[in-house]
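The structure appears right after this line, and notes come after that.
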Amino acid sequence: MLFQPDHLAHFPTLVSIRPPRVTQVIAWMLMIGIGLVTAILFGVPWLQTSAGTGQVVALNPDDRVQSVTALVQGRVERWYVNDGDQVKAGDPIARLIDNDPDLLARLRAERAQVAAEIAAAQQAMAVAQLDVGRSGQLLAEGLIARRDYEASQIRVADHRAKLAEARAKLSRVDVGLNRQSAQTVRAPRDGRIQTIDAGAGATLVNPGDILATLAPEAPVRVVELLVDGRDVALIYPGRPVRLAFEGWPAIQFSGWPSIAEGMFDGRVRSIDPSAQATGLFRVLVEPMPGRPRWPDDDYVRLGAKVRGWIQMETVSVGYELWRQLNDFPLEFRRPAIEAEAAAKAQEKAK
């Protein structure tokens, strides 16, 4: 007998235990939700990423912050710049003076004296060489003894030694004079004065002491990220990277980069072969060619903090959740197996 809705009137107990309509709606919602979650877990792709933090650095060592040091011992007589001043290569930064203000004058006088000694030694050696020639001629004529001829040769050698000694002394004086003449400290390259060691003006400075720091302008910027050693084996040069710069508003969805906002593109330039003291590995990231430029230097300066996500393989959302719950490493791509599968697919297509 077929079931008819009006038959329920004969079964009041069955009618009384019929589930409420709200319960039926909730049950349908749960079933639909479970179906959607299952479809998302197994059907929606998720891009795995290796996250890291770091900072903006200059790629060229000459573009990094440099210390301007004293070349000679002395005191700072005058500063030519202030904090924040723009300088060109060769512009004076500071002038040093020796504790003895007459040192340069005395060095110049000593050099003039040594130069006179050299001239006298050269003149004496020239006369001695003429004497050797005359003594040789007289020895050949039998007018003098060989001992006199040898004595004239000894005098030439003695004058030659004195001349060499005077020239060596002149070289030492020139070295001292040149060092003291280099008392004007100049900028090694174009840039901006970041800080000045103001205390150096009242204290004695030695060669190598820092007088100021210079920050070069418009450096070639890269980002250094510190990533976990578990992921570094899967990272290679050319991997795409998504970057969020400090102070730049951004919304990041690491698994779905297409819907992220305020992010910038980069690519892995190199990976350090050894870990840092913290156990993390440094990865250098450069701008991605053909993509929007990174923010200008006025907004993202050297040393600014950066968060980065190195893009890896694409898996399902369910697999990614299972991986993270089990604390497993990222998916390892097997190029040989993928190449073999691609070759088989091409053969089937033919």
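Observations on the structure shown:
- The radius of gyration of the Cα set in region 43-85, together with its Dmax, comes out at 22.7, 74 angstrom.
- Counted charge near Val76, where neighbours are those whose Cβ lies closer than 11 Å (Asp, Glu -1; Lys, Arg +1): 0
- Column: log10 I(q)/I(0), Debye, Cα scatterers of region 223-265, q = 0.20, 0.23, 0.24 Å⁻¹: -0.77, -0.94, -0.99
- Expressed as a whole percent, the proportion of Cα-Cα pairs in region 204-338 lying more than 21 Å apart is 53%.
- Within the shell of other residues whose beta carbon sits under 9 angstrom from the beta carbon of Pro237, the net charge comes to +3, with Lys and Arg scored +1 and Asp and Glu -1.
- The shape of region 243-294 can be summarised by an equivalent ellipsoid whose semi-axes, obtained from the alpha carbon gyration tensor, come to 24, 14, 11 Å from longest to shortest.
The numbers here are math on the coordinates, done by the rules we state, and not lab data. Since the structure is predicted, the reported quantities are computational estimates derived from the model, not experimental observations. A quick note on method: Cβ atoms are made from the backbone with ideal geometry, for glycine too, and the neighbour counts reach across all protein chains shown.
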